1. Please work out if ARG74 is open to solvent by 80 Å² or more (accessible area, probe 1.4 Å), among the basic types (Lys, Arg) and at pLDDT 65 or above.
2. Pairs needed: first member in region 126-150, open to solvent by less than 50 Å² (accessible area, probe 1.4 Å); second member anywhere, small (Gly, Ala, Ser); C-beta distance under 7 Å; at least 6 residues apart or different chains.
3. Looking at this structure, is VAL79 of a type in the set (Val, Ile, Thr) and either modelled with pLDDT under 70 or in contact with a Cys (Cβ under 7 Å, 6 or more places away or on another chain) (or both)?
4. In region 108-125, what count of residues is obtained for those that are of a type in the set (Val, Ile, Thr) and either in the same structural domain as TRP55 (by TED's automatic domain parsing) or open to solvent by less than 50 Å² (accessible area, probe 1.4 Å) (or both)?
Amino acid sequence: MSALTKLEENIPALRRYAFALLRNQSDADDLVQDCLVRALDHMDERTGEGEMRPWLFSIMHNLCVSRWRRLQFRSSIVVSDAEADVSVPASQQATAELHAALDGLDQLPEEQREVLLLIAVEGLEYADAAKILKIPVGTVMSRLSRARDKLRDTMEGRQRPALRRVK
């Protein structure tokens, strides 16, 4: 299988991850395009070791971080865009659950949201997510656990009490 075919196979996952990060379809499309251009520019430098998917997600993550730093950009959820991607009209309960999940995802700290999206949504291995984010695997596991706990609490409508220092 050619490198271009492998690259094309990863476009839907890149689009999904970009939209989950930016919550704006136009910005997500721009990020995917920038990622693909960067990947094509550096395809000849790629040594061929390992899968292409983690490499592409690393490129996208680095571009996104650079963009955030440069623009000091923090997106809010655009519910209309999220609902536009649903192919079958959802029931009222499903719509409420979607809103709760998106609200909970938006409330997560950026580092927890990134890990949750890479592992739970994109199905990457912990080691691949660690390489993409340039953090230890233990940190990935810790952030994922905290993200899942906080998202579950948010969706169930409760907040965990803040820890108090005992004197």
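The values are calculated or read from the model by the stated rules, or taken from the named source; none is laboratory data. Bear in mind that the values here come from a model prediction, so they are computed numbers and not experimental data. Glycine also receives a Cβ, built like all others from the backbone with ideal geometry; neighbour counts cover every protein chain displayed. Side chains are part of the model used for accessible areas, which takes the heavy atoms of the whole protein and leaves out ligands, DNA and RNA. Shrake-Rupley method; radii C 1.70, N 1.55, O 1.52, S 1.80 Å.
1. Values: open to solvent by 80 Å² or more (accessible area, probe 1.4 Å): yes; among the basic types (Lys, Arg): yes; at pLDDT 65 or above: no.
Judged against the criteria, ARG74 is not a match.
2. Once the first residue is open to solvent by less than 50 Å² (accessible area, probe 1.4 Å) and sits in region 126-150, its partners that are small (Gly, Ala, Ser) give ILE132/SER58; VAL140/ALA129; VAL140/ALA130.
3. Numbers: of a type in the set (Val, Ile, Thr): yes; either modelled with pLDDT under 70 or in contact with a Cys (Cβ under 7 Å, 6 or more places away or on another chain) (or both): yes.
So VAL79 passes the test.
4. Within region 108-125, the subset of a type in the set (Val, Ile, Thr) is 115, 119, 121.
Add one more test, that the residue is either in the same structural domain as TRP55 (by TED's automatic domain parsing) or open to solvent by less than 50 Å² (accessible area, probe 1.4 Å) (or both), and what stays is 115, 119.
The total comes to 2.
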